[in-house]
1. Kindly establish whether A:Val260 is away from every other protein chain (no Cβ under 14 Å), more than 15 Å from A:Ala161 (Cα to Cα) and part of a helix (DSSP H, G or I).
2. Identify, please: which residue in the range B:42-65 is small (Gly, Ala, Ser) and either modelled with pLDDT of 95 or more or under 18 Å from the mean Cα position of the chain (by Cα) (or both) and is, among those, surrounded by the fewest Cβ atoms within 10 Å (Cβ to Cβ)?
3. Just to be sure before I move on: is B:Ser109 away from chain A (no Cβ under 14 Å), of a type in the set (Ser, Thr, Tyr), under 19 Å from the mean Cα position of the chain (by Cα) and assigned to a loop (DSSP other than H, G, I, E, B) in the structure I sent?
4. Within the set of pairs 6 or more residues apart or between chains, which connect a residue that is within 14 Å of chain A (Cβ to nearest Cβ) and farther than 19 Å from B:Lys196 by Cβ inside the range B:277-292 to a residue that is acidic (Asp, Glu) and assigned to a helix (DSSP H, G or I) with Cβ atoms less than 7 Å apart?
5. Among A:Thr68, A:Thr129, A:Thr59, which is out of contact with any Asp or Glu (no Cβ under 8 Å at 6 or more places or on another chain) and at pLDDT below 90?
6. Can you tell me how many residues within the range B:180-193 are surrounded by 21 or more Cβ atoms within 10 Å (Cβ to Cβ) and either away from chain A (no Cβ under 14 Å) or not in a loop (DSSP other than H, G, I, E, B) (or both)?
7. For A:Ile186, which of the numbered conditions (1) in contact with an Asp or Glu (Cβ under 7 Å, 6 or more places away or on another chain); (2) over 20 Å from B:Gly166 (Cα atoms); (3) free of Cβ contacts under 8 Å to residues at least 12 places away in the same chain fails to hold?
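The values are calculated or read from the model by the stated rules, or taken from the named source; none is laboratory data. Since the model is a prediction, treat every value here as computed from it, not as a measurement. All Cβ positions, glycine included, derive from the backbone under ideal geometry; neighbour counts span all protein chains shown.
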Amino acid sequence: MGQITVKSVSWWTDRHFFLLAVITYGLSSVYSLFLWRKGFRKHDHVNYALLLAGIILQTKAMFMRGLTLQECPVHNLYEAMTFVDWTIVAAYLVFGLWPRVRFLGAFAAPVIFAIGVFALMPGLDPSHTGQPPFAANELVSLHAALTLLSYGAFGLSSVAAVMYLTQEHDLKFHKLRAVLAVMPPIDRLEKITSRLLWAGFVLLSMGLGLIPFLLKNRPELHASDPKVVWSGLVWCLYLALLVLHWRFAQSGRKFAWGAVAGFAFVVLTFWGVNLLSPSHRF
Amino acid sequence: MTLVVIGLSHHSSPVTVRERFAFAESALPGALQEMRTAGLAREAVILSTCNRVEIYAVSDSPEGQAIAGLRQFLLDYHKFEGSLGGEIYGRGGRQGLEHLFKVACGLDSMVLGETEILGQLKKAYDTALRLKHTGALLNKSFQRAFNVAKQIRTETNIQRGSVSVGSVAVELAEKLFSSLAEHPVMVIGAGETSEKTARALLSRGARSIIVSNRSHDRAVELARELGGRAVSFDDWAHEFPHIDILISSTSAPHCILDRAKLEPVMKARKHRPLLLIDIAVPRDIDSSVNFLDNVYLYNIDDLQAIAGDHLRQRREEIARCEALIAQKAGAMMPRSARPAGGPLPDLGNAST
């Protein structure tokens, strides 16, 4: 691989936009708390508008970073996190066009906000100057983008699963909120969870499917790299969840818990595995 | 010229009295024409439902005289010779207008906040409008009433939540299933409440209904009415794996469904969500089934508790609604109190 010149990154500018986006996501989270206190009885136009405003700011930030790097901005943990965050918001905004599932935003906002805050933590966005970027060729960029998109889909599926669990609990225990809340029916939430998991699984499979080609081109990478092993584990975990759901009719609460646990595992181990991996910066 | 309203409602009189004053739909044109020909009203609308009979009119006479004249018309038209106390009420001016708004909003209804009355009021107004018995003042008053009803529906919680067992069951079903058309319903025990609940489900899109009853003839009769099919009472369990909503109201002295019976059925139905509505007393379904995954059991107390909570919340909204109505009526009064400038309705063109 030839030497790649990395232009200096005006990090404060794009980070400033991302900070504004995270503040908007924070406002959306606060509004979600208000909706929760009110028993989820109000429609969710405000959250949709706030998340839309947030993604505009975040897209601007990502564009600025991408234009500076002249590449897809997926080179470090900060950029990876912003990519996952962006995917979750974008997927929600598409789903939210359908009014009956727009309420997903009330549950998605805190997750989006938390990931945004995590991305802004110091030390996750080291300067690119003098370092060849990780995603310095198209194949690596594609691999990174596909896997990060899959984590976004898994994230939104876990949000739908949390909504399912909330509504299921309220119905099971005869809470008045079950009938008063403007939440989608649980069979629709299960469908959304399942479809997002399938989408995430397909994206992850495509992303991981590129690994053999990457290994050929990048001798410093190994199949035994902790990140590669971890990714394989995540892939197996979601495969098991989907097979159990599809083939053995494991539906409802267990499936929803599986979706939540799967994403919790990804989120909680992502950083640590990156620290263990010598060849991955995210 | 002033707006007056006279009539009887479920608040003021029992059904035995109200039914004596009810207007058949076919009699409305004649009654409206008669009232105007007699000079009792320049404009008039008659509202006749199972819970109220009311005449909304615009008269040149002073309020008290107009109300007395319309009251006598009501008695004479229905040839009522008995004695009445306060069954027939009369309101004029701003009070009459506020009454119209309250009726439109369902605040004066037996089921607080119900919306059926708005449709009935629109129909009564359309009839009078079509027959040219309305004019500037009634047109404006009714149009404003419809707007106020819409505003109250969107800005307050007076119509939120179901307040009957049947409609609560439907709401619960809609929280489980996105389309009732795809989820078969079974009714065990063809009692009145289960029939109402099944009808409520049908009205919201349920298509496939199976009825089972100890008296098979009654099951066949109800199934025919509901557009479903009847199964023998001994065979209902065989149909169970295929259904997603069960309404049970048998008179059995013991539970007909418990956890031991349901567990294998849930496996056979691949753990699809199952809504069990038990409206029987004593209960038909053992409460332990609610511990099974994907099973949602509601008995009559649960349904009534939800309906009661909804009703309580609606009652809490009354003050807000009344304040809004008073404001809207007040805003309308100064102008409406003045003589209308437009042409008066033409009696001669009124069809009968």
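1. Criteria not met by A:Val260.
2. My answer is B:Ser48.
3. Spelling it out, B:Ser109 is indeed away from chain A (no Cβ under 14 Å), of a type in the set (Ser, Thr, Tyr), under 19 Å from the mean Cα position of the chain (by Cα) and assigned to a loop (DSSP other than H, G, I, E, B).
4. What qualifies is B:Leu292/B:Glu263.
5. A:Thr129
6. 7
7. So the condition that A:Ile186 fails would be (3).
A quick yes/no check of all residues on (1) modelled with pLDDT under 90; (2) assigned by TED's automatic domain parsing to the domain that holds B:Ala145; (3) of a type in the set (Ser, Thr, Tyr):
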position: B:Leu292; (1), (2), (3): no, no, no
position: B:Tyr296; (1), (2), (3): no, no, yes
position: B:Arg312; (1), (2), (3): yes, no, no
position: B:Ala323; (1), (2), (3): no, yes, no
position: B:Ala326; (1), (2), (3): no, yes, no
position: B:Ala329; (1), (2), (3): no, yes, no
position: B:Gly348; (1), (2), (3): yes, no, no
